[in-house]
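Okay, so here's the structure we're looking at.
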Amino acid sequence: MKTVRSIARKIFCLIIVAILIFAGYNIYLRVTHKTDFSDLVKHYSNEYGVGEQLIFAVIKCESGFDKDAVSGAGARGLMQLTEETFYDVRKMVGNGEEYTFETHWNDADTNIKYGTRYIAYLLELFDGDKVAALASYNAGMGHVNKWLGENRRLELSEIQFPETRDYVERVLEAEKIYNKLYS
C-alpha cells in the first residue's frame, strides 16, 4: 500500500511540476513578447490591413520595443526606419512637409504608422508573400527582386543574405508566438 501511495505522490508531483513549467513558459513568452504601444499597433494595423501580430513581431525583432533604438546602418525607432524609407512613406501617407526624419523618427505614433504602412505596401507589392515583404523590409526591394523565382514567391532558402534569412525566420516565429498568445 505504501508503494502505491509513493507512486501516486510521485506522479502527482510530476504533474504539478509539468503544470508549473508550462505556466512558467507562458509567463516567459508574455514577458519576452510584449505588446507595448498596442493602441497604436491596433489602429495602424486596421488602417492599413496588416495583421497586428505581424507588426508586434517586427517591432520585437527590429528594436525590442525601444523607441529610441538606432542601428549601425542608421535605421531608427521602433520599426527601424531609414531616412529614405521615412520620406518615401511620408509621400504615401500624405503628410506633406510637416514630418521630418530628424524630428519624428522616435515618435512612436509616426514610426509605427510609417512602418506599418511600409509593410502594407511591401505585402501588396509582393502579392501577400510575407517572406518577400519581410526580406525586402530588411534587405531592400532590389535584392528581393533578384532572389524571386519564376513563381514570384520567395522561399527562405532563396534569401542569399544569412542575416536577412535569420531576420525573416525570427519575425515569422515571433508572429506565430504572438498569434498563439494574443489572438
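The values are calculated or read from the model by the stated rules, or taken from the named source; none is laboratory data. What you see is a predicted model, and the numbers here were worked out from it, not measured in a lab. All Cβ positions, glycine included, derive from the backbone under ideal geometry; neighbour counts span all protein chains shown.
Among the residues of segment 70-84, how many are surrounded by fewer than 21 Cβ atoms within 10 Å (Cβ to Cβ), out of contact with any strand residue (DSSP E or B) (no Cβ under 7 Å at 6 or more places or on another chain) and within 17 Å of Asp109 (Cα to Cα)?
2
A quick yes/no check of all residues on (1) assigned by TED's automatic domain parsing to the domain that holds Tyr44; (2) surrounded by 14 or more Cβ atoms within 10 Å (Cβ to Cβ); (3) of a type outside the set (Val, Ile, Thr); (4) part of a loop (DSSP other than H, G, I, E, B):
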{"residue": "Phe86", "(1), (2), (3), (4)": "yes, yes, yes, no"}
{"residue": "Thr110", "(1), (2), (3), (4)": "yes, yes, no, no"}
{"residue": "Leu123", "(1), (2), (3), (4)": "yes, yes, yes, no"}
{"residue": "Ala132", "(1), (2), (3), (4)": "yes, yes, yes, no"}
{"residue": "His143", "(1), (2), (3), (4)": "yes, yes, yes, no"}
{"residue": "Asn151", "(1), (2), (3), (4)": "yes, no, yes, yes"}
{"residue": "Glu163", "(1), (2), (3), (4)": "yes, no, yes, no"}
{"residue": "Tyr167", "(1), (2), (3), (4)": "yes, yes, yes, no"}
{"residue": "Glu173", "(1), (2), (3), (4)": "yes, no, yes, no"}
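Might you let me know whether segment 61-72 holds any residue that is part of a helix (DSSP H, G or I), aromatic (Phe, Trp, Tyr) and at pLDDT 95 or above?
no
Can you name the condition, by its number, that Leu148 falls short on among (1) touching a Leu at 6+ places or on another chain (Cβ under 7 Å); (2) under 30 Å from Leu40 (Cβ atoms)?
(2)
Taking the condition of being among the β-branched types (Val, Ile, Thr) and at positive phi, how many residues in segment 109-151 meet it?
Total satisfying the criteria: 0.
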